[in-house]
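We did not get these values from a lab; they are worked out from the coordinates using the rules stated. Source: prediction; values computed, not measured. When we count neighbours, we look across all protein chains shown, and the Cβ atoms used for this are built from the backbone with ideal geometry, even at glycine.
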C-alpha cells in the first residue's frame with residue numbers, strides 16, 4: 001500500500017511539473033487518502049501485536 005502512495009505522489013509531482021494542475025490535485029488527494037489508510041492500518045496492527053492475547 002505504501003508503494004501506491006509513492007507512485008501517486010510521483011505522478012502528482014510529474015503532472016504538476018508538466019502543467020496539469022487538476023490532475024496533480026487528484027493524484028495528491030489519492031496519495032493523501034492512501035497514506036491515511038496506511039497509517040491507520042499500521043497503528044491497528046501495532047496495537048494488536050503488542051497487546052497480550054486474551
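Observations
- Filtered residues of region 26-54 (kept if touching a helix residue (DSSP H, G or I) at 6+ places or on another chain (Cβ under 9 Å) and part of a loop (DSSP other than H, G, I, E, B)): none
- The test for being touching a residue at least 40 places away in the same chain (Cβ under 8 Å) and surrounded by 10 or more Cβ atoms within 10 Å (Cβ to Cβ) does not hold for residue 39.
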